[in-house]
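For reference, the structure is listed below as structure tokens.
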Amino acid sequence: MSFLNRLKTMGLQASKEAQDTWSRFNDSAFADATMAACALIGAADGKIDQTERSRTAQFITTSDELRTFNVSDLRDKYDRYCDQITADFDFGKIGLMQVIGQVAGKSDQARAVVQLAVVIANSDGEFDEKEMGVVREIAQALKLDPADFVD
């Protein structure tokens with residue numbers, strides 16, 4: 001299987017696992033962590049381009065995986081985190097990693113946050129090295145093995 005096909009398969013598998021898992025979580029810390037992860041993936045190259053921001057916002061509002069949440073609240077959180085990382089990338093990233101770290105002690109939620117990051121990273125059909133790096137950082141912040149999610 002080619003590398004790109006393998007990445008696509010991993011993305012589809014992560015999406016299925018995430019959909020099965022996310023429906024069990026409906027708390028503020030998990031919602032914050034997932035939206036912070038979305039913003040970090042969007043800023044993987046050091047900035048959030050408006051097209052990418054809009055595409056991710058569309059995913060948030062139409063996603064079956066996130067339907068158990070108030071999507072308007074999720075969208076507000078996502079926009080706030082995008083603004084935070086856009087205002088000051090370095091401090092914004094530190095702040096978002098702290099938000100993500102709130103679910104570090106909750107193994108199922110932590111795995112679901114990383115799975116969402118993988119789904120978002122794959123949403124445009126390209127899971128590039130910078131996005132993989134962010135997924136690795138998110139996994140490490142959650143005390144998970146990055147190899148479980150990316151090679």
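Take the Cα atoms of region 76-149, build their convex hull, and give its volume per residue in Å³. Walk me through the intermediate numbers first.
Working: hull volume 6.9 nm³, N = 74.
So the per-residue Cα hull volume is 94 Å³.
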Please sort by residue number the trypsin sites (Lys or Arg not before Pro) in region 43-143 whose DSSP state is loop and whose Cβ has at most 14 other Cβ atoms within 10 Å.
LYS47, ARG67, LYS143
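Any read-out appearing in this document is the output of simple, stated calculations on the displayed coordinates, not a laboratory observation. In this text, all values refer to a predicted model and were calculated from it rather than measured experimentally. Note: ideal-geometry Cβ built from the backbone for every residue, glycine included; neighbour counts use all protein chains shown.
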